[in-house]
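S.K.: Input: one structure, supplied below.
FYI, it's all coordinate maths here, none of it is from the lab. Predicted model, so just to flag it, every value in this text is computed and none were measured. Glycine also receives a Cβ, built like all others from the backbone with ideal geometry; neighbour counts cover every protein chain displayed.
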Amino acid sequence: DSGVTQTPKHLITATGQRVTLRCSPRSGDLSVYWYQQSLDQGLQFLIQYYNGEERAKGNILERFSAQQFPDLHSELNLSSLELGDSALYFCASGTSDTDTQYFGPGTRLTVL
Amino acid sequence: GENVEQHPSTLSVQEGDSAVIKCTYSDSASNYFPWYKQELGKRPQLIIDIRSNVGEKKDQRIAVTLNKTAKHFSLHITETQPEDSAVYFCAASEYFSRNQFYFGTGTSLTVIP
């Protein structure tokens, strides 16, 4: 157990809908990273937050947005969902003085 | 930006043999190189990492080597066991500057008993 929690574990929804994925970082970690992993694919970096502010942006679609709250938990919002958005979504957290990222268990999103 | 290439994409070895996975990176500013192991349906887990001021690091049966000049780093697993079967990802990061991780495409390792 990495100490990073993600909810929900599974999410099944329909095309065109909107969902919110939640991540709580390890105690003391200020950074949260979001990744998308499609079937048989690698990890695609979406976005990073550090202490409430956006730090880096990767291949994140305009239909997706994220934020980090004062208590450091983060939410990833996915809207106008398409079949191709079906994937595992991981968040990872890290401290400011170490490079190591610790991954959460992931949220499996299925868009029907 | 950084580009990380990983080879091979699949690797099968007999139990007890060694396995080597190689990654190359493009940005000479990258200074941190972790390796993650991901079992089917589970989270990636850090197994070993190396920083650019070190050429080699070992942890029991796992070792990582880094060649900064050639911009490549490798994961070595010795005396492989069936439980080593998983997908392995390398990554590169320029920490304290961009703090963005670039992952390789993964290597699916199968250890045959």
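S.K.: Sorted from fewest to most neighbouring beta carbons within 10 Å, what does the list A:TYR33, A:TYR102 look like? Could you put the intermediate results ahead of the total?
M.R.: Details: A:TYR33 29, A:TYR102 21.
Sorted ascending by nearby Cβ count, the order is A:TYR102, A:TYR33.
S.K.: Go through B:PRO34, B:ALA19, B:VAL4 and say which Cα lies farthest out towards the positive end of the charge dipole of the range B:1-57; charges sit on Cβ, +1 for Lys and Arg, -1 for Asp and Glu.
M.R.: B:PRO34
S.K.: Let me ask something else about it. Assuming a strict under-17 Å limit between Cα atoms, what lysine pair count do you get for the protein assembly as shown once near-sequence pairs (fewer than 8 apart, same chain) are dropped?
M.R.: For the protein assembly as shown, the number of qualifying lysine pairs is 10.
S.K.: Kindly write out, for the range B:25-41 in residue order, the coupling ³J(HN,Hα) from the Karplus curve 6.51 cos²θ - 1.76 cosθ + 1.60 (θ = phi - 60°), rounded to whole Hz, with x marking Gly and Pro.
M.R.: 10, 10, 8, 5, 7, 4, 9, 9, 9, x, 10, 10, 10, 10, 7, 3, x
S.K.: Using θ = phi - 60° and the Karplus form 6.51 cos²θ - 1.76 cosθ + 1.60, what ³J(HN,Hα) does each residue of the range A:78-88 get, whole Hz, x for Gly and Pro?
M.R.: With coefficients 6.51, -1.76 and 1.60, one gets 10, 10, 6, 4, 10, 4, x, 7, 4, 5, 8 Hz.
S.K.: Take chain A, connect every pair of alpha-carbon atoms lying under 10 Å apart with a spring to form a Gaussian network, then pick out the residue of A:LEU39, A:LEU78, A:LEU21 with the largest mean-square fluctuation.
M.R.: A:LEU39
S.K.: How far apart, in nm, are the 7 Å Cα→Cβ label points at B:LEU40 and B:GLU79?
M.R.: Spacing of the two 7 Å Cα→Cβ label points: 2.7 nm.
S.K.: Next question, about the same structure. Running a GNM on chain B with Cα contacts under 10 Å, which residue among B:ASN31, B:ASN53, B:ASN67 ends up with the highest mean-square fluctuation?
M.R.: Greatest mean-square fluctuation among the candidates belongs to B:ASN53.
S.K.: Give the average, rounded to an integer, of partner chain Cβ atoms located within 10 angstrom of each Cβ in B:103-113. Could you put the intermediate results ahead of the total?
M.R.: Values: counts 6, 2, 4, 5, 0, 1, 0, 0, 0, 0, 0.
Averaged over the peptide's residues, the number is 2.
S.K.: Relative to the Cα centre, what is the charge dipole magnitude of the range B:1-102, using +1 at the beta carbon of each Lys and Arg, -1 at the beta carbon of each Asp and Glu, and rounding to the nearest 20 debye?
M.R.: On the way: 11 positive and 13 negative charges, 64 e Å.
Around 300 debye, computed over the range B:1-102.
S.K.: With springs only between Cα atoms under 10 Å apart, run a GNM on chain A and tell me which of A:GLU54, A:GLU62, A:GLU75 wobbles the most.
M.R.: The residue that fluctuates most here is A:GLU62.
S.K.: Neighbour counts of other C-beta atoms within 10 Å: give me A:THR107, A:THR20, B:THR105, B:THR10 arranged from fewest to most.
M.R.: Ascending number of Cβ neighbours within 10 Å: B:THR10, A:THR20, B:THR105, A:THR107.
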